[in-house]
Amino acid sequence: IYVNYELENTYTVIVDHTSYISVYRNAKTALKRVGDVVRAGEAIAVMSEDRTLHFELWQGGESVNPELVIAF
């Protein structure tokens, strides 16, 4: 639902999963555009050189602990 090049010279990609929204920050390259369908396991971005990808999970406008939702 959102792909943008940010001031920090990295991309932010936000994916709508119907029940949740996942946010990926600090990506070197975005592989998807707004409106693209993303399937499970499909790459959406390339990590930055420092290999730090920031991940957030949101539901109903509030952040959610991903460990309570996703089996890592």
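The figures follow:
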{"item": "Subset tally (residues that are in a loop (DSSP other than H, G, I, E, B), without any contact (Cβ under 8 Å) to a residue 24 or more places away in the chain and surrounded by 15 or more Cβ atoms within 10 Å (Cβ to Cβ)) for the range 1-33", "result": "1"}
{"item": "Qualifying residue in the range 65-72 (condition: over 12 Å from the mean Cα position of the chain (by Cα) and among the charged types (D, E, K, R))", "result": "yes"}
{"item": "Test: Glu49 is surrounded by fewer than 12 Cβ atoms within 10 Å (Cβ to Cβ), part of a helix (DSSP H, G or I) and either over 12 Å from the mean Cα position of the chain (by Cα) or at pLDDT 95 or above (or both)", "result": "no"}
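The values are calculated or read from the model by the stated rules, or taken from the named source; none is laboratory data. Here the structure is a predicted model, which means the values were calculated and not measured. Positions of Cβ are backbone-derived with ideal geometry, glycine not excepted, and every protein chain shown enters the neighbour counts.
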